[in-house]
Every structure is written in C-alpha cells, then in structure tokens.
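Participant: Structure incoming, see below.
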Amino acid sequence: MQQPPDLAALRAPIRFEAELAGRPLRFESTWGLFSPREIDAGTALLLSRVEVPEHADCLDLGCGYGPIGCTLAALAPQGRTLMVDKDFVAVELARRNAQLNGLANAEAALSNGFEHIDPARRFDLIASNIPAKVGKELLTLLLYDARARLNPGGRLYVVTVNGLREFMQRYLRNVFGNYDKLKQGPHYTVAMAER
C-alpha cells in the first residue's frame, strides 16, 4: 500500500506575495480556485494595463480570491471596490485578502455576474479576467450589464485568451460602440471599452 499524501498540508491555506501594478500584495488561496499558487499571466497582463483614478468606484467581476479587486482597491484608495464571484469560497478568500492587505475600501459579495449587485450601484471601472469557457450567452449578459452599470466615461477592462480576441472585439464594438486592444501577449489579450 502506498504512503498517503500529507492531507493536512494540502488543506492548509496557500500563501504567497505578488507585486501587482507596482503594489506589493499578500494573498491566501486554496486548491479548487483558479491559479491558486500564483498570479496567472492573464491577470498580470490586465493589471499592467489598467488605468485607475484614485477616486474610482471599481468592480472586479468574477474575482476569485481577489487579485484584481485588491489591486484596484489599492490603486483607488478614495473610491470603493466591489469584488463578486459565484463561488462562496472565492468570495470568502477575497474578503480575507482585502483585510490581509488593509484595504478597508474593498468588499466581496456572492453574485452570478450582476445578478445580486444592487441595481442602483454604478461603477467608474469594471475589470474581469474572463474564463475561456464562459459561453456566448453569459458573455452577452455580462457585457450588456457592464455597460448599463458603468457611469458615463466609465471603462470596462477585460483579459481573454487570444482565441477569444476577435469575438471580444466584435462584441465590445456591438455593445459599447468602441474597442481598444491595449496589449496582446503570447497567450492573452487585454481590451478596453468605454461607455
């Protein structure tokens, strides 16, 4: 019989530090969430291109354990940042990571897209690392809802795998009337649309 793995070690929180948009941040994560041991290349690329006014009200859509939202909150200390995800474990960790980094202007909540966000709430900036397998239907809802929830002049920043680049370009032009490819790397593309 094979020696069992160290289950206690596997259950322990994964802890690491990262510098995102010039800010040193600490994170706790766990197995089962996206990129639990390090910041993935798509998120890093997105955060290298996002422009965040210090008073911006921000939304991290599909926040995972919160690397995008925590960075937005750090860059916009005079604004408020909301992080949402449909996974309760992700929301719990995003909340914990905001506290870990002293980001009192950040909160995390459970929501499938915009479904459980106060309908009256508006944002200056929405950012998302959109999963490759999100599906056209959900993507349509997310983009139209994002446009509706942005303040005039507000911006949507997205990062996708390069295979979705042309699809995203077409959709952002249809929904927002504009599209700006900010950076294309070997695997990911960062795009922005403005309301």
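The values are calculated or read from the model by the stated rules, or taken from the named source; none is laboratory data. Note that the structure is a prediction, hence the values are computed from the model and not measured. All Cβ positions, even for glycine, are placed from backbone atoms using ideal geometry, and neighbour counts span all protein chains on display.
Participant: Are any residues in region 33-78 closer than 23 Å to GLY113 by Cα, polar (S, T, N, Q) and out of contact with any helix residue (DSSP H, G or I) (no Cβ under 6 Å at 6 or more places or on another chain), and if so, which ones?
Facilitator: Within region 33-78, SER35 is the sole residue that qualifies.
Participant: When you go through (1) farther than 21 Å from LEU33 by Cβ; (2) at pLDDT below 95 one by one for PRO77, which number turns out not to apply?
Facilitator: It fails just one condition, (2).
Participant: Among (1) without any contact (Cβ under 8 Å) to a residue 40 or more places away in the chain; (2) within 23 Å of LEU138 (Cα to Cα); (3) not aromatic (Phe, Trp, Tyr), there is one condition CYS58 misses while meeting the rest; what is its number?
Facilitator: Every condition holds for CYS58 apart from (1).
Participant: Using the structure shown, decide if GLY154 is under 26 Å from GLU54 (Cβ atoms), buried (at least 16 other Cβ atoms within 10 Å of the Cβ) and either out of contact with any Pro (no Cβ under 7 Å at 6 or more places or on another chain) or touching a residue at least 12 places away in the same chain (Cβ under 8 Å) (or both). Write out each step before concluding.
Facilitator: Details: under 26 Å from GLU54 (Cβ atoms): yes; buried (at least 16 other Cβ atoms within 10 Å of the Cβ): yes; either out of contact with any Pro (no Cβ under 7 Å at 6 or more places or on another chain) or touching a residue at least 12 places away in the same chain (Cβ under 8 Å) (or both): yes.
When the stated conditions are applied, GLY154 passes them.
Participant: Hey, TYR157 hits all of (1) part of a loop (DSSP other than H, G, I, E, B); (2) within 13 Å of the chain's Cα centre (by Cα); (3) of a type in the set (Phe, Trp, Tyr) but one; which does it fall short on?
Facilitator: For TYR157, the failing item is (1).
Participant: Take region 120-154 and flag every residue that is aliphatic (A, V, I, L, M) and assigned to a strand (DSSP E or B). Please lay out each step first, then the result.
Facilitator: At the first step, the residues of region 120-154 found to be aliphatic (A, V, I, L, M) are 120, 125-127, 130, 132, 134, 138-139, 141-143, 146, 148, 150.
Answer for region 120-154, where residues must be aliphatic (A, V, I, L, M) and assigned to a strand (DSSP E or B): LEU125, ILE126, ALA127, LEU150.
Participant: Name the strands (runs of 3 or more DSSP E) wholly within region 53-119 that hold at least 1 residues that are exposed (fewer than 15 other Cβ atoms within 10 Å of the Cβ)?
Facilitator: Where strands (runs of 3 or more DSSP E) fall fully within region 53-119 and carry at least 1 residues being exposed (fewer than 15 other Cβ atoms within 10 Å of the Cβ), they are 106-110.
Participant: With respect to LYS136, determine if the residue is at pLDDT 95 or above, more than 17 Å from the chain's Cα centre (by Cα) and farther than 20 Å from ALA56 by Cα.
Facilitator: Details: at pLDDT 95 or above: no; more than 17 Å from the chain's Cα centre (by Cα): yes; farther than 20 Å from ALA56 by Cα: yes.
Spelling it out, it is not the case that LYS136 is at pLDDT 95 or above, more than 17 Å from the chain's Cα centre (by Cα) and farther than 20 Å from ALA56 by Cα.
Participant: Considering (1) without any contact (Cβ under 8 Å) to a residue 12 or more places away in the chain; (2) over 23 Å from CYS70 (Cβ atoms), say which one ASP118 fails and leave the rest.
Facilitator: It fails just one condition, (2).
Participant: Also: Could you tell me whether region 165-179 includes any residue that is surrounded by fewer than 21 Cβ atoms within 10 Å (Cβ to Cβ), of a type in the set (D, E, K, R) and in contact (Cβ under 8 Å) with a residue 40 or more places away in the chain?
Facilitator: Scanning region 165-179 turns up no residue that is surrounded by fewer than 21 Cβ atoms within 10 Å (Cβ to Cβ), of a type in the set (D, E, K, R) and in contact (Cβ under 8 Å) with a residue 40 or more places away in the chain.
Participant: Turning to a different aspect of this structure: Of everything in region 1-47, what is surrounded by 13 or more Cβ atoms within 10 Å (Cβ to Cβ), over 18 Å from LEU61 (Cα atoms) and among the polar types (S, T, N, Q)? Give them in sequence order.
Facilitator: THR30, the sole residue that qualifies.
Participant: Another question about this same structure. Got at least one residue in region 36-44 being outside any loop (DSSP other than H, G, I, E, B) and free of Cβ contacts under 8 Å to residues at least 40 places away in the same chain?
Facilitator: yes
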